[in-house]
Amino acid sequence: MRGSRSGAVKSAAGKTSGKSPAPVIPQLTWEQIRPAAVVLVSGTESFLADRAIRQLRDLLKLEDPSLEVTDIDAASYAPGELLTMASPSLFGEPRMIRVTSVEKCTDNFILEAIDYLAYPADDTYVVLRHGGGVRGKRLLDAVRAATGDVIEVVCTELKKDTERYDFAVAEFRAAGRRVSPGAVRALVSAFSDDLAELSSACNQLVADTSDEITEATVERYYAGRVETNAFAVADSAIAGRYGESLALLRHALATGADPVPMVAAFAMKLRTMAKVLGTRGGSGQLAGQLGLAPWQIDRARRDLQGWTGEGLGRSIQMLAETDENIKGGGRDPVYSLERMIATISARGEL
């Protein structure tokens, strides 16, 4: 366990300018979380933040099974609540105090939490979860400028396909399972908008299969995912196979696919093609500049065969019109989708 800290831990929460001070505390990624007197878990990715906090709880439980875990809602904070929960217990068990909704905290919480930074309780771990926004900025500045046993765990959203790809690979690696790159790409495509669902899908495949996880494995388990169907339609249309893409579209819609994620799949593909269009150099060299994985650049270059810049521009314009139509701007979303597919299958040359 953490040793006793009898001396006061000074806080740099005094005079501040309009600009936030540069953090002086360690800033870690979610998987690097470790025990500290005060742990600020910041960022908008709630799934990773929740996982990091659970991981910390498990670490502390492993050190001492008598760990006492309590919760505070900073949005409805009662004066004196933090001090009461941090006070020594009768049997001296270590304590973990999880504070949620710091981004909605009361003024009383800000004042008392800043005071607590100067005199943290022994054998107590206070976890502050701040989901983003400007509320509580004075407290965040004080935490980040504090000296002593204080860390920040940053949980930002994984917005890029490359980040979600790396996340999925890490999930399988942690489970000790082999997975093909194609399988990971298929999973990322199928669960592109929900990190929690992507993690759950990885864990499900680990639990239910024993061999190497391949693209065929993913197709067998998740063929019904709307996004997977959507990307199959998009791939076929972009390749110029109009009849096939129209048949795939009608099958997807008949099995419950929603037009909105269908258009989103096309948008993701066409945006990537637009980024790659006209670029020179190796995919590895361009990956960092474009914010894409090398395999995405290679795939976009294959997709661009037979396309012109003008045709791509017209297709993107049609995509925008279709998006508006299926979100209430038109009377027949299916007709809008079919019209979009006809344009894209003709590589924008209709």
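Residue count for region 166-195 under the criterion of being in a helix (DSSP H, G or I), within 29 Å of Ala252 (Cα to Cα) and open to solvent by 40 Å² or more (accessible area, probe 1.4 Å): the result is 3.
Can you tell me which residue within region 311-342, out of those that are among the hydroxyl-bearing types (Ser, Thr, Tyr) and within 12 Å of Phe266 (Cα to Cα), is modelled with the lowest pLDDT?
To start, the set of residues in region 311-342 that are among the hydroxyl-bearing types (Ser, Thr, Tyr) comprises 315, 322, 335-336.
Subsequent filtering for residues that are within 12 Å of Phe266 (Cα to Cα) retains 315, 322.
Numbers: Ser315: 96, Thr322: 93.
Per the stated criteria, the residue is Thr322.
Screening region 251-350 for helices (runs of 4 or more DSSP H) wholly inside it with 2 or more residues that are touching an Asp or Glu at 6+ places or on another chain (Cβ under 6 Å) returns the ranges 259-276. Among the residues of region 207-225, those that are open to solvent by 40 Å² or more (accessible area, probe 1.4 Å) and either within 13 Å of Ala175 (Cβ to Cβ) or assigned to a helix (DSSP H, G or I) (or both) comprise Ala207, Asp208, Ser210, Glu212, Glu215, Ala216, Glu219, Arg220, Tyr221.
Please determine, by comparing only the residues of region 77-88 that are of a type in the set (Ser, Thr, Tyr) and within 16 Å of Pro120 (Cβ to Cβ), which one is least open to solvent (accessible area, probe 1.4 Å). Let's see the steps before the verdict.
If we filter region 77-88 for residues that are of a type in the set (Ser, Thr, Tyr), which is where we start, we get 77, 84, 87.
If we keep only those that are within 16 Å of Pro120 (Cβ to Cβ) too, we end up with 84, 87.
On the way: Thr84: 98, Ser87: 50 Å².
If we take residues in region 77-88 being of a type in the set (Ser, Thr, Tyr) and within 16 Å of Pro120 (Cβ to Cβ), then Ser87 is least open to solvent (accessible area, probe 1.4 Å).
Taking Ala254 as meeting all but one of (1) more than 27 Å from Thr343 (Cβ to Cβ); (2) of a type in the set (Gly, Ala, Ser); (3) open to solvent by 70 Å² or more (accessible area, probe 1.4 Å), write down the number of the exception. Against the list (1) more than 27 Å from Thr343 (Cβ to Cβ); (2) of a type in the set (Gly, Ala, Ser); (3) open to solvent by 70 Å² or more (accessible area, probe 1.4 Å), Ala254 comes up short only on (1). Restricting attention to region 307-324, does a residue exist that is among the acidic types (Asp, Glu) and open to solvent by less than 30 Å² (accessible area, probe 1.4 Å)? No: region 307-324 contains no residue that is among the acidic types (Asp, Glu) and open to solvent by less than 30 Å² (accessible area, probe 1.4 Å).
Among the residues of region 233-250, how many are among the aliphatic types (A, V, I, L, M) and either outside any helix (DSSP H, G or I) or surrounded by fewer than 22 Cβ atoms within 10 Å (Cβ to Cβ) (or both)?
Here is the first cut: in region 233-250, the ones among the aliphatic types (A, V, I, L, M) are 233-234, 237-239, 246-249.
Narrowing the set further to residues that are either outside any helix (DSSP H, G or I) or surrounded by fewer than 22 Cβ atoms within 10 Å (Cβ to Cβ) (or both) leaves 239, 246-248.
Going through region 233-250 one residue at a time, the tally reaches 4.
The values are calculated or read from the model by the stated rules, or taken from the named source; none is laboratory data. The structure displayed is predicted, hence computed values, not measured ones. Counting neighbours? That spans all protein chains shown, and the Cβs are built from the backbone with ideal geometry, glycine included. Accessible surface is based on the protein model in full, side chains and every heavy atom, while ligands, DNA and RNA are left aside. Shrake-Rupley method; radii C 1.70, N 1.55, O 1.52, S 1.80 Å.
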